[in-house]
Amino acid sequence: MRSARAAALVLALGSLGALPGAVPSPTMPRRAAGGAPAAAVGRGRGPGELDQQRSGPPRTPKNLQVFPKDTPMPELTAKMRVIAASLGVKCVFCHVRGDCASDAKPTKHVARRMLRMVAAINDNNFSGRPEVSCYTCHRGSRRPVSQPPIRARGRGRR
Ligand code: HEC
Ligand code: HEC
């Protein structure tokens, strides 16, 4: 059941990844910080070789409790961009700068709760289809609005 949930979650955020322009392709090669020019490592080499020279051994997430533990880093980063955009925040809203594995920020705990909530909503109401996402409620804000904009008593009615 846990893995079914996780799968639904991957699906949910996977489809978010398809939002136009929101997320770069997860298979895009990671650029070394500082963007070392390709000329420095020569032309005509295989992409795998280039990757190794750029970034050493592949980084793997250390502290995943909701997503599958073996989620590849580029895929995870793509999901994170969608989450950040959905709430209209930067990464440091939930993460200690330079240490995304840290659980020091309370907002990261809330986000885990929300991830499980969204998976449950989709499981229980939409046969696991990713109909509801962070953006469904948040709409680019950290505080969703739960009341419709009805004007003072009696006035907003038609
Ligand atoms: C709204 C909160 C939130 C925002 C904003 C956010 N993240 Fe995350 N991030 C999380 C949560 C929650 C987890 C842990 C998920 C889990 O437990 O499966 C996580 C995990 C990660 C991890 C894995 C760390 C590890 O080693 O376990 C990385 C890397 C990461 N985020 C990068 C980013 C980046 C880059 C951004 C900005 C583009 C970002 N995050 C924005 C909530 C957030
Ligand atoms: C069903 C509506 C709904 C969905 C879907 C939803 N949220 Fe929320 N979220 C809320 C509400 C309401 C609050 C404010 C109340 C609270 O903080 O408990 C909130 C608050 C938060 C906060 C705390 C913000 C702050 O200022 O402290 C974070 C972080 C968050 N949500 C992350 C997420 C993430 C990540 C997702 C997607 C996985 C998500 N939410 C999906 C309704 C939703």
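A short reminder: the numbers here are calculations on the coordinates, not readings from a lab. Worth saying up front: this structure is predicted, and the values here are computed from it rather than measured. We place every Cβ from the backbone using ideal geometry, glycine too, and count neighbours over all the protein chains shown.
Couple of notes before you dig in:
- Rg and Dmax [Cα atoms of the range 57-139; Å; Rg one decimal, Dmax integer]: 13.2, 41
- The stretch between Arg151 and Asn63 holds 27.1 nm of extra length on full extension. This uses 0.36 nm per residue minus the Cα-Cα distance.
- Per-residue Cβ neighbour rank within 10 angstrom, fewest leading, Ser86, Ser146: Ser146, Ser86
- Extreme residue, positive dipole direction of the range 101-158, given options Asn122, Ser102, Cys137 (C-beta unit charges): Cys137
- In terms of the mean number of neighbouring beta-carbon atoms within 10 Å, the peptides 69-75, 59-65 order highest first as 69-75, 59-65.
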